[in-house]
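A short write-up of the structure that comes next.
Each reported figure results from applying straightforward, stated rules to the coordinates on display, with no laboratory input. No experiment lies behind these values; they were computed from the predicted model shown. Quick reminder, even Gly has a Cβ in these numbers, built from the backbone with ideal geometry, and neighbours come from all protein chains shown.
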């Protein structure tokens, strides 16, 4: 099954073409690392996939549906550069942040019940943050905050997780732990991952596929043969 499919997609801003005739497919079960220099169109591509921009030409499909008809946004989890820009003074607990991921299903003005509370704890356990459930989000490190935001995305049980430079603001010593967490989720939660990053060396060791973006998209397979073997054993297509 194709989770994302772009065919001959082009986009221009004013008179400048940012993307031209891009063809790009993410299949279920893949962990795609999308790399490229600043200005290569990574953010534009992301905004097209999230429906924030409309392509000038070509077609985009999400979960086998044309993006113009796509409604099941809870199927797509999104992690931005929260740890780099998050307001540490924001008055919210970890529990409240994770629980907010259920708003689209529960509604803004309905009460959360014990089933929802159990979902919060399950999501926090998945990312190893259950003991921080009552902590203030602003008290956590950048890496811990990103784990909480992943839990927030997981609570709606998405099939695709999109991450935009998620290790920005994360201490170097915790970056590998973060990648290990993504590998765990990819292998054990049947999650398809698309991660935008500048860290070509590290993503090549963790992703099942690496795509270099510089106006066009060029796929490069990783050089971690052990992970690739494990991926083939676990991937469903």
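Side notes on the structure shown:
- Length gained on full extension, residue 57 to residue 16: 13.3 nm, using 0.36 nm per residue less the C-alpha separation.
- Annotation: for a label point projected 7 angstrom from Cα along Cα→Cβ of residue 92, residues of segment 133-169 with backbone N closer than 11 Å are 137-138, 149, 152-153.
- Full extension of the segment from residue 1 to residue 173, taken as 0.36 nm per residue of separation minus the current Cα-Cα distance, would add 58.3 nm.
- Packing-based exposure ordering (other Cβ within 10 Å, fewest first) of 22, 175: 175, 22
- Length available on full extension from residue 189 to residue 23: 0.36 nm per residue minus the Cα-Cα distance, which gives 57.0 nm.
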